[in-house]
Amino acid sequence: MAELSERRSQCRRISSDGAEDFDRISQLPDSLLCHILSYLPTKTAVLTSILSNRWRRLWTFLADLDLDDEMPSFKRHDDHFQREEVSQSFSQFVYAVLLQNQTEPIKRFRLKCIYPSCNEFNINAWVNAVTRRNVERFELYIPCSKYIALPRSLFNCSTLVVLKLNKLYLNSLESFSIHLPMLKVLHLGDDVFIRCHDSILKLLSGCPNLEVLALESLHNLMCGGWMCESNNFEISFPHLREAKFRFYWIDRCHRSLFKIFKALFDVRCLTISLPTSKCLEYASISDIPVFNNLIQLEITLGLYTRNLLANLLKNSHRLEVLIVHKSRNEKTQATRV
């Protein structure tokens, strides 16, 4: 009661007509205010600390951290020295947030960084900090010009449920083991550059409980290393509900795609892009599993991929929805059956 009375006294104010009024939002419990702040970018949430003593430390209890150097306060500058200043400012801000916010577990950590401050040293420090605090959802957007070797702590985080990587040069993963027992959603999104598609096999082999898998716009920069020669990773998706493949596999890595595809026998919704369907056209009938639970299939076909559709339908006994995109001369038509 004493705490509530103190809070009300802090929130009391005088309105324009001289009558007493209350800041009713500030009277809400800390948990509810933190829930409201969690919908804001972290930079904006931190700015609320200037409102009053009541708000000064609230942001330090946030379990959702959204850090983006493209926000207005960190906006891009043409001048080199201004860019360096903004870059350092953002880097210092991220370190300050992680130092002062000690909430555990971290429900969501999203980092988008386009400036040089997102070098490998800083990224590893930030990733290690959030994995030590049992992060559950991790999203990374780092458009850069060199490979980033993400730390092993990210790929061995026992609490991670959602992992989304975008605009990233991802170093090969052969130097450490991968174990993500709680991971349910894996999304390798726009323009993720990898050294070899077999790196994806190793990543997937460490995710036994995936429910949603999306592999989009992957680019292969280097193939033919030792990982391509081994290819001994066991892939199993007993809980997979949804899978999306929207990228091209080079010829020497077709077998990696076939191995992943054969593990999809329990998937319910499957999306296959034109580049992926072109690769699957080389698959033998033994490489296409019997889909026990496939209900929806969405596929883009070219002039020479019609046999693939026939083979898929032959092995999809419970199919209810079929969406076919016919691609000709870079024009796509959709047909829903």
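Any read-out appearing in this document is the output of simple, stated calculations on the displayed coordinates, not a laboratory observation. These numbers come from a predicted model, not from an experiment. Cβ sites come from the backbone with ideal geometry, for glycine too, and all protein chains shown count toward neighbours.
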Among 295, 260, 235, rank each residue by its count of other Cβ atoms within 10 Å, from fewest to most, as a rough exposure measure. 295, 235, 260
Quick one: order 267, 94 by neighbouring beta-carbon count within 10 Å, fewest to most. 94, 267
Can you put 288, 200 in order, fewest other beta carbons within 10 Å first? 288, 200
Of 112/262; 164/202; 202/326; 167/202; 278/314; 262/314, which sit over 25 Å apart, Cα to Cα? 112/262; 202/326
Using 0.36 nm per residue of separation minus the Cα-Cα distance, give me the extension gain between residue 24 and residue 122 in nm, one decimal. 31.2 nm
Report the gain in length on full extension from residue 102 to residue 292: 0.36 nm times residue separation, minus Cα-Cα distance, nm rounded to one decimal. 63.9 nm
Given points 7 Å out from each Cα along the Cα-Cβ axis, report the residue 214 to residue 232 separation in nanometres with one decimal. 3.5
Given the Cα-Cα distance of residue 323 and residue 191 and 0.36 nm per residue of separation, how much length would full extension add, in nm? 45.0 nm
When a/c reaches 1.5 or more, the comparison of a/b and b/c decides; with that in mind, is region 238-308 rounded, prolate or oblate per its Cα gyration tensor? prolate
Environment charge at residue 49 (Cβ cut-off 11 Å; Lys +1, Arg +1, Asp -1, Glu -1): +3
Can you give me the distance in nm between label points at residue 70 and residue 89, each placed 7 Å from the Cα along the Cα-to-Cβ direction? 1.8
